[in-house]
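The values are calculated or read from the model by the stated rules, or taken from the named source; none is laboratory data. Computed from a predicted structure; not experimentally measured. Cβ atoms come from the backbone with ideal geometry, glycine included; neighbour counts cover every protein chain shown. Please note that ligands, DNA and RNA were not included when accessible areas were found on the heavy atoms of the full protein model with its side chains. Shrake-Rupley method; radii C 1.70, N 1.55, O 1.52, S 1.80 Å.
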Amino acid sequence: MLIILFLIILFHVIAVALLLAATIYNAWWVVSPAGRDVIYTDLWYSCNSTCIPVENSHSTSADVQAAMILATILCCVSFFVFILQLFRLKQGERFVFTAIIQLLASLCVMIAASVYTAEKDSFHIPSLQSGSYGASFILAWVAFPMTLISGLVYLV
């Protein structure tokens, strides 16, 4: 039983780490023009050697920013609630409150990644539209099933 508890905690910590990396790391969109530095664009800045604010970040991508931040916060909160419930619940009771918070985090990640996928062209100026998805975008999509599975495990 202790091994299962350790694996659940480890799975949740990995999900939190993926969400933090996806939210913080500057590689949601990568553009590598011929003969120039690679440009990394995330939800806030476009960077090569210097960083400049993303032009549309305060209008259309604010929902993606908010959803990713909310998902990270909810995932962290659900971890702390899990730890509290671990010591407060009677044996055999389910972690329903933890599961609800974790499933909400999963929903926020899915919304953020889906909106970014659907609206990627409107988030970037025309010179940056010929790029490809970066590592942070992939981490966000990997974090979605991890938080979903984690939330479902807490219900079981």
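Scan segment 64-92 for residues that are of a type outside the set (A, V, I, L, M) and farther than 20 Å from residue 11 by Cβ and the total you get is 5. Looking across segment 1-47 at every residue that is closer than 16 Å to residue 133 by Cα and open to solvent by 50 Å² or more (accessible area, probe 1.4 Å), the one that is modelled with the highest pLDDT is identified as 24. So, residue 80, is that one at pLDDT below 90 and under 24 Å from residue 142 (Cβ atoms) or not? In short, no.
Within segment 65-117, how many residues turn out to be over 30 Å from residue 129 (Cβ atoms), assigned to a helix (DSSP H, G or I) and not hydrophobic (A, V, I, L, M, F, W, C)? The total comes to 5. For residue 129, the stated conditions do not hold, so it cannot be described as at pLDDT 90 or above and either crowded, with 17+ Cβ neighbours inside 10 Å or not small (Gly, Ala, Ser) (or both).
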